[in-house]
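The values are calculated or read from the model by the stated rules, or taken from the named source; none is laboratory data. Given the structure is predicted, the values throughout are model-derived calculations rather than measurements. Cβ sites come from the backbone with ideal geometry, for glycine too, and all protein chains shown count toward neighbours.
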Amino acid sequence: MFKKLFSIILLFFAVNASAQCAMCKAVVEGGNETIAEGVNNGITYLMVFPYILVGLLFYFIYRHKKGTKN
């Protein structure tokens, strides 16, 4: 159990990865660093919420399962 929890926590503190779709990459390769940073920040911002929602879902499932055992 501790290993799973540690792995999940580690995922939240992972180093930022700069990944883009093909169109975003073409725009970023134009050379303007502020635009590139903005695109990467936007992608990171959009990807945070699905992970939070999935994490909350698993938390509530865990809490529900733990409550039904007693």
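The sole residue among 5, 10 that is modelled with pLDDT under 75, within 17 Å of the chain's Cα centre (by Cα) and assigned to a helix (DSSP H, G or I) is 10. Whenever a residue of segment 25-51 is closer than 17 Å to residue 11 by Cβ, it has no partner that is surrounded by 12 or more Cβ atoms within 10 Å (Cβ to Cβ) and among the aromatic types (Phe, Trp, Tyr) lying with C-beta atoms less than 7 angstrom away and at least six residues away or across chains. If you go through segment 20-40 and pick out every residue that is surrounded by 11 or more Cβ atoms within 10 Å (Cβ to Cβ) and either at pLDDT 85 or above or part of a loop (DSSP other than H, G, I, E, B) (or both), you end up with 2. Among the residues of segment 41-70, those identified as hydroxyl-bearing (Ser, Thr, Tyr) and surrounded by fewer than 10 Cβ atoms within 10 Å (Cβ to Cβ) are 45, 68.
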